[in-house]
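Please treat every number below as a calculation from the coordinates, not as lab data. Being a predicted model, the structure only gives us computed values, none of them experimental. Positions of Cβ are generated from backbone atoms using ideal geometry, with glycine treated the same way; all protein chains shown enter the neighbour counts.
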Ligand code: CMC
């Protein structure tokens with residue numbers, strides 16, 4: 001591509017540099033466009049706008065490629081661990097053995113939460129959605145850890161990052177325990193990151209808890225698959241919140257709020273609900289017809305992606321993991337049959353082929369999580385737990401970027417022009 005792009009606006013020519021990244025499409029640097037030509041660009045949903053420079057994650061949606069710091073997601077999911085991926089995203093390179101042990105130890109040392117934080121949970125109704133609790137409790141961390149909120153200090157930024165990654169499983173497990181009326185469990189630092197989370201979630205103080213290594217590995221994989229995903233809605237929310245210099249814990253709480261929506265992290269919950277609603281393979285045709293009907297708001301949940309227009313590489317690993325978990329647990333879940341058949345039918349349907357709609361990461365994750373024993377309301381919480389790594393890494397990258405500036409999109413204003421105020425009695 002040319003190294004400049006030219007625009008003609010009302011007969012005037014303007015020339016702007018075209019920047020190349022290490023992979024992916026070039027970008028036209030239009031930073032000076034408004035100053036030069038007094039026009040904005042219009043791009044609702046940011047479908048063609050790069051909001052930042054980033055070296056963390058690369059996605060080629062057409063080819064179904066997802067790389068973290070250059071490493072393909074399937075290699076990481078098969079060969080690495082969530083803790084190692086966290087290190088990679090935060091630090092840019094895979095750790096040496098010593099670096100990895102240090103990192104794991106540091107995260108382990110931060111797994112407990114301030115004892116006073118427990119009292120916050122009591123303020124919530126028992127039937128509160130755990131994502132509502134997560135938004136509140138993670139935001140409240142900003143009131144607990146004052147010694148790591150000076151974002152101009154790289155050391156404090158690192159401590160805040162480690163705290164968030166380490167405490168998220170404890171906070172998530174507490175949200176679950178609160179909802180079912182069981183006592184909170186303190187972390188057991190002899191266990192792995194995932195093993196500890198499983199014990200805090202499914203264990204009880206009255207009994208020993210044995211971590212099932214197959215489930216531990218499956219959860220670790222699910223966490224890897226959700227660790228980061230470039231500039232998605234929640235990550236962009238974290239960056240935008242953080243661009244004002246806001247408290248890091250509050251920024252992550254903003255990300256959690258955004259993730260909760262059904263078009264984003266809430267989709268796995270919606271996908272499983274949909275599979276249950278379909279119930280049996282013979283009902284699939286009816287739902288496919290509804291998804292294609294322009295007058296019906298129904299969409300096939302777990303299908304389609306803003307970026308992947310070929311296949312979602314995470315969905316492949318998720319499907320394999322689902323089969324392994326169901327086999328280990330001896331679960332013969334008819335919902336898995338519905339999922340498999342729905343996938344097959346949709347992949348052969350002209351509508352889905354033409355619109356490039358493929359199963360996404362959320363399609364199979366609900367089946368796995370419910371087989372493990374998580375209620376649907378916890379699905380997005382698990383996504384938030386894993387994505388905290390990406391949010392924190394992206395937030396750090398942004399704050400350390402010398403070109404960082406407050407995010408401030410503009411608009412195409414279509415409201416009334418200036419008019420005079422009329423007192424209420426004269427209207
Ligand atoms: N079922 C039926 N039709 C669909 C679906 C679907 N799941 N997704 C998109 N379409 C149609 C849509 O109606 C539109 O048709 P038309 O061109 O005739 O108006 C066309 O496909 C393009 O859709 P879009 O909404 O413009 O695509 P988008 O890139 O803006 O939306 C999406 C992406 C993920 C929001 C959407 O595909 C969707 O709502 N999927 C279901 C929810 C879901 O599974 N979300 C999880 C995303 S992956 C997890 C994550 O990363 O957060």
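Taking Cα pairs under 8 Å and at least six residues apart, what relative contact order does the stretch 134-275 come out at, in percent? Intermediate values should be presented prior to the final figure.
On the way: 123 pairs, mean separation 41.2, N = 142.
Over the stretch 134-275, the number comes to 29 percent.
To make sure I understand, if each residue's beta carbon is the centre and we count other beta carbons within 10 Å, what order do 148, 81, 190 fall in, fewest to most? Intermediate results must be reported in sequence, preceding the final value.
Working: 148 23, 81 19, 190 8.
So the ranking, lowest neighbour count to highest, is 190, 81, 148.
Defining a contact as two alpha carbons under 8 Å apart and six or more residues distant in sequence, what relative contact order in percent does the stretch 165-210 show?
Details: 36 pairs, mean separation 16.9, N = 46.
Relative contact order for the stretch 165-210 comes out at 37 percent.
Per residue, how big is the convex hull around the C-alpha atoms of the stretch 112-226? Give it to me in cubic angstrom, could you?
Details: hull volume 13.9 nm³, N = 115.
Spread over its residues, the Cα hull of the stretch 112-226 gives 121 Å³ apiece.
Over the chain, with a Gaussian network built from C-alpha contacts below 10 Å, which listed residue (334, 72, 297) shows the highest mean-square fluctuation?
Ranking 334, 72, 297 by mean-square fluctuation puts 297 first.
Can you give the Rg/Rh ratio of the chain, where Rg is from the C-alpha atoms and Rh is the Kirkwood radius? Kindly include the intermediate steps, with their values, before the conclusion.
On the way: Rg = 23.3 Å, Rh = 23.4 Å.
When Rh is taken as the Kirkwood radius, the ratio is 1.00.
How much of the calculated P(r) for the stretch 323-427 lies past 18 Å, in percent of all Cα pairs?
Values: 3981 of 5460 pairs.
Tail of P(r) above 18 Å: 73 percent of Cα pairs.
What does the extension gain come out to for residue 126 and residue 410, with contour length at 0.36 nm per residue minus their alpha carbon separation?
On the way: separation 284, 0.36 × 284 = 102.24 nm, distance 4.14 nm.
Roughly 98.1 nm would be gained on extension.
Give me 199, 306, 387 sorted ascending by neighbouring Cβ count inside 10 Å, so fewest comes first.
Working: 199 20, 306 14, 387 28.
Starting with the residue having the fewest Cβ neighbours, the order is 306, 199, 387.
Which value results when the Cα radius of gyration for the stretch 1-120 is divided by 2.2 N^0.38 Å? Show your work: numbers first, answer last.
On the way: Rg = 21.6 Å, N = 120, 2.2 N^0.38 = 13.6 Å.
My calculation over the Cα atoms of the stretch 1-120 gives 1.59.
Starting with the fewest neighbours, write out 286, 309 ranked by other beta-carbon atoms found within 10 Å of each beta-carbon.
Details: 286 10, 309 17.
Lowest to highest Cβ neighbour count: 286, 309.
Rounded to whole Å and sorted largest first, list the principal axis extents of the Cα atoms in the stretch 213-360.
54, 45, 25
Please report how far the C-alpha centroid of the stretch 39-76 lies from that of the stretch 184-218, rounded to the nearest whole angstrom.
The distance from the Cα centre of the stretch 39-76 to that of the stretch 184-218 comes to 35 Å.
Taking the radius of gyration and the Kirkwood hydrodynamic radius from Cα positions alone, what is the Rg/Rh ratio for the stretch 193-273, to two decimal places?
Working: Rg = 16.1 Å, Rh = 14.9 Å.
We get a ratio of 1.08 for the stretch 193-273.
With no solvent and one equal point scatterer per Cα, compute the Debye intensity ratio I(q)/I(0) for the stretch 99-158 at 0.22 Å⁻¹ and report its log10, rounded to two decimals.
Log10 of I(q)/I(0), two decimals: -1.00.
When ranked by the protection proxy of mean other Cβ atoms within 10 Å per residue, highest first, what sequence do the peptides 248-256, 204-212 form?
Values: 248-256: 25.8, 204-212: 11.6.
Averaged packing, sorted descending, gives the order 248-256, 204-212.
Taking 8 Å as the Cα distance limit and 6 or more residues as the minimum spacing, I'd like the relative contact order of the chain as a percentage.
Details: 571 pairs, mean separation 84.7, N = 427.
It rounds to 20 percent for the chain.
Can you grab the distance from the C-alpha centre of the stretch 279-299 to the C-alpha centre of the stretch 117-176, Å, no decimals?
The stretch 279-299 and the stretch 117-176 have Cα centres spaced 40 Å from each other.
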